[in-house]
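For reference, the structure is listed below as structure tokens.
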Amino acid sequence: MAPAFAAALPAGPLVIPLMGTESGFGFALTAVYVALVAFATALLTLSTRTTPEASSTRDVFVFFRKAPLLIAMVLAFGFADIVAISVMPVYFVKTGHSQAFAALSVTVLALPTALAQPFIGVLLDRLPRRRVAIAMGGIGAIAFLIIPFLTSPIAILVDFALIGAASFSLYTCALTMLGEQYRGGMLVAGSAAFALAYAVGSGMGSGATGSIMDLFGAAAAPISVGLILVVFTLFMSFTKGPKAA
């Protein structure tokens, strides 16, 4: 699931540099694509034979209490991911880059995200999974913190690619640890809790970082996210892991 999601992200932003923003053709093409995906999903759903085990709303909140580390990982991913996708292109335009560069940055963010998944899978199989998650959080924090100090467009894109790979790997780590630790109804509850955590993290990310940028200047956006990821990485380092269920 994670590699498929990551592989789908780079295509959308390419519509802007390839087709421009002067006409509505790019937006119309995207709308047709989304409609086709929805239609294909509906057709595939008709042939589905697997029914997930039942879970309750109460189980979702129980999962929040039992696995704060996993929830924090998804929150951090949602926060960093939405900032990188929605706020950082604004940052690039504010710091003198073109709209095409801003759109290209999102594609550069997403491509390594997809390519890195097999390597992250190998690391998760061979190393302690919590240590892999801590390393990814630390890499993402450093990559955000150094963005304002980079002047070369190539260096910025390379660093942005590192952000994409590291932040999305947090979600891959969380999914792996969820499947390792939980079964049955709690596994379903954990998946629902992940969706809620991502929604909360992404909602906080764009609003908070946009406000910080308005108050303290463009450079405050990546620096604030980097500092938040530093705090999150320290939290991961000193918080006990989830209990199996």
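Values in this text are rule-based calculations from the coordinates and carry no lab data. What you see is a predicted model, and the numbers here were worked out from it, not measured in a lab. Because the Cβ atoms are built from the backbone with ideal geometry, glycine has one as well, and the counts that use them run over all protein chains shown.
Observations on the structure shown:
- Extension gain, residue 227 to residue 199: 0.36 nm times the residue separation minus the Cα-Cα distance gives 8.0 nm.
- Each label was represented as a point 7 Å from its Cα along the Cα-to-Cβ direction; for residue 90 and residue 61 these points are 3.3 nm apart.
- For the range 108-245, the average shadow cast by the Cα convex hull is 8.9 nm², which is a quarter of the hull's surface.
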